[in-house]
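The values are calculated or read from the model by the stated rules, or taken from the named source; none is laboratory data. Quick caveat, the model's predicted, so the values are computed rather than measured. Positions of Cβ are backbone-derived with ideal geometry, glycine not excepted, and every protein chain shown enters the neighbour counts. Ligands, DNA and RNA are stripped out before the accessible areas are found, and what is left, the full protein with its side chains, is counted by its heavy atoms. Shrake-Rupley method; radii C 1.70, N 1.55, O 1.52, S 1.80 Å.
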Amino acid sequence: MGLDSQVVSATRDRLSLQELFRTIVSLFKLRIVMLLLAAALGGAFLGAQGVPSLRMLIGIIVTGTLAAGGASAINQYIERERDALMRRTQRRPLPAGEIQRPAAILWIAIGMIVLSVALTLPTNPLMALYLALGAAIYVGVYTLWLKPRSVLNIVIGGAAGSMAVMTGGAAVRAASDPGVIVLALLLYLWTPVHFWALALFYKDDYATASVPMLPVLETDERTAWWIFLHAASTGFAALVLAVHPALGWLYLLPTAAITGMMMVHSVRLLRQPDRPHAIKLFVTTNIFLLLVLIAIVAATSARQVLGF
């Protein structure tokens, strides 16, 4: 084999690995899974009021990735035909026809969820319950029942994200901690703000696929008002968390700043409910949640390590 042939072969191998990685990230929605893992870790650090053990952290990451990734793959299997109608999703692996046997993905995904529960059930039944509930709500309640039928789909379906927080709290035997419960409520309130902003940006896509998202059924102005109300509720929950004894000012300062930024973008969307303002709010909601969770981890860790 000549040098040129070796270069071409190596390039093809790299492209194949890149394509495989891209397929896995897309199919199991690993970007969303990472955010859910951050929520679970936030619940664990808050429930422990400090740094959980390495064993607990590894358990949360492994079982959370399996459960959330499996539920995401089932979601894409169920919605593969609808995804093919939407520009935002038509390049996903299943609607794009990249996987020759889609049914295999369904069984792999179910196995991932079952494995996550089986790994947890013997030592922590409550954590196993929240893992199972998160997957069940996302697949059964949101994907199969509400999404194709009701404007409340993302409102009720948002409870799946709350289960990630409760999983983290249960991992450290603190699911009943008031802070963990408020953080779970924050995830529940945050989800419609986040998703309705995205749905407003892709309103035509959802209309084409006949998905009854709020922006499809309501005017842009009314949608912006509902987004604003949920954003205000989310911000209030985030600020209330500051009274938790494990958080305080180290948590409050960055959270107040990002909450203010989210509210500014919500008001701008109210004044001008168009696609550019919708996508800016969507991006801000991602930053908001990530920064709140980082602030929780930082504040609880500092309290334990430095005695703040």
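Name the single residue that is farthest from Ala164 (Cα to Cα) among those in the range 87-122 being of a type in the set (A, V, I, L, M, F, W, C), open to solvent by 80 Å² or more (accessible area, probe 1.4 Å) and without any contact (Cβ under 8 Å) to a residue 40 or more places away in the chain. Among those that are of a type in the set (A, V, I, L, M, F, W, C), open to solvent by 80 Å² or more (accessible area, probe 1.4 Å) and without any contact (Cβ under 8 Å) to a residue 40 or more places away in the chain, it is Trp107. Scanning the range 207-227 for residues that are within 30 Å of Thr167 (Cβ to Cβ) and either of a type in the set (S, T, N, Q) or surrounded by fewer than 23 Cβ atoms within 10 Å (Cβ to Cβ) (or both) turns up Val211, Pro212, Leu214, Trp226. Taking the range 123-136 as the range and being open to solvent by less than 30 Å² (accessible area, probe 1.4 Å) and either at pLDDT below 95 or within 16 Å of the chain's Cα centre (by Cα) (or both) as the test, the residues that pass are Leu131, Gly134, Ala135. How many residues does the range 70-83 contain that are open to solvent by less than 50 Å² (accessible area, probe 1.4 Å) and either without any contact (Cβ under 8 Å) to a residue 24 or more places away in the chain or touching a Lys or Arg at 6+ places or on another chain (Cβ under 7 Å) (or both)? Count: 3. Being in contact with a Gly (Cβ under 9 Å, 6 or more places away or on another chain), in a helix (DSSP H, G or I) and either within 18 Å of Ala128 (Cβ to Cβ) or free of Cβ contacts under 8 Å to residues at least 12 places away in the same chain (or both) is a property that does not hold for Gly42.
Screening Arg173 on (1) assigned to a helix (DSSP H, G or I); (2) surrounded by fewer than 23 Cβ atoms within 10 Å (Cβ to Cβ) shows it passes everything except condition (1). Just one of the listed residues (Thr259, Thr285, Thr300) is closer than 21 Å to Gly42 by Cα, of a type outside the set (A, V, I, L, M, F, W, C) and free of Cβ contacts under 8 Å to residues at least 40 places away in the same chain, namely Thr259. Are there any pairs with C-beta distances below 6 angstrom linking a residue in the range 193-206 that is more than 13 Å from Val151 (Cβ to Cβ) to a residue that is assigned to a helix (DSSP H, G or I) and among the small types (Gly, Ala, Ser), with the two at least 6 apart or on different chains, and if so which? The qualifying pairs are Val193/Ala231; Ala197/Ala278; Leu200/Ala278; Phe201/Ala278. Residues that are without any contact (Cβ under 8 Å) to a residue 40 or more places away in the chain and either under 27 Å from Leu281 (Cβ atoms) or of a type in the set (Phe, Trp, Tyr) (or both) within the range 155-192 comprise Val155, Ile156, Gly157, Gly158, Ala159, Ser162, Met163, Ile181, Tyr188, Thr191, Pro192, listed in sequence order.
Would you mind stating whether Ser233 is farther than 30 Å from Ala299 by Cβ and either in contact (Cβ under 8 Å) with a residue 12 or more places away in the chain or in contact with a Gly (Cβ under 8 Å, 6 or more places away or on another chain) (or both)? Steps first, please.
Values: farther than 30 Å from Ala299 by Cβ: no; either in contact (Cβ under 8 Å) with a residue 12 or more places away in the chain or in contact with a Gly (Cβ under 8 Å, 6 or more places away or on another chain) (or both): yes.
Taking the combined requirement at face value, the residue does not satisfy it.
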